[in-house]
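Okay, structure first, notes after.
Every number in this text was worked out from the coordinates using simple rules, so none of it is lab data. Values in this document were obtained by computation on a predicted structure and should not be read as measured data. Cβ coordinates were reconstructed from backbone atoms using ideal geometry, including for glycine residues, and neighbour counts include every protein chain displayed.
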């Protein structure tokens, strides 16, 4: 299973990749890291990720636009929103567009692992 991490914060991208690689999520391989939605779509076209962690607030292309584009590219993709947004309506919009789960920042390693397992088991 290939994972694409999309977040404008280098610290968050690094943290998620560390949790995935050291956290014992079996069979999860890092497909790429993107710092905005445009980069994510470019990477998704070449790496064909099964799972994407998606920040919602990013420059150039935000998470909502990116989710819409990724769902057009591959409707079976599993998207986990990882966002500090306290704006529930944006999170709900992301889920309506096809995201399969939500984790609020700040998150614990365990919260992230459980959420990733949840979205990957829905396949």
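Between residue 93 and residue 69, the C-beta separation translates, for a Förster distance of 22 Å, into a calculated FRET efficiency of about 0.90. How many angstrom lie between the C-alpha centres of the range 41-85 and the range 16-35? What the calculation gives is 16 Å, centre to centre. Between residue 114 and residue 30, the distance separating the two model label sites (each 7 Å from Cα on the Cα→Cβ line) works out to 2.5 nm. Entry note, the chain: the mean residue ellipticity at 222 nm calculated from DSSP H runs of n ≥ 4, each adding -39500 (n - 2.57), is -14000 deg cm²/dmol after division by the residues and rounding to the nearest 500.
Between residue 10 and residue 60, the simple label model (points 7 Å from Cα in the Cβ direction) yields a spacing of 1.5 nm.
Relative to the current alpha-carbon distance between residue 47 and residue 121, full extension at 0.36 nm per residue lengthens the span by 24.6 nm. In the chain, Cα pairs under 8 Å separated by at least six residues give a relative contact order of 24 percent. In terms of the Cα gyration tensor, with a ≥ b ≥ c the square roots of its eigenvalues, is the range 65-123 rounded because a/c is under 1.5, prolate because a/b exceeds b/c, or oblate? Cα axes put the range 65-123 in the oblate bin. I need the shape label for the chain. Rule: rounded when a/c is under 1.5, else prolate if a/b > b/c, else oblate, with a, b, c from the alpha carbon gyration tensor. Rounded.
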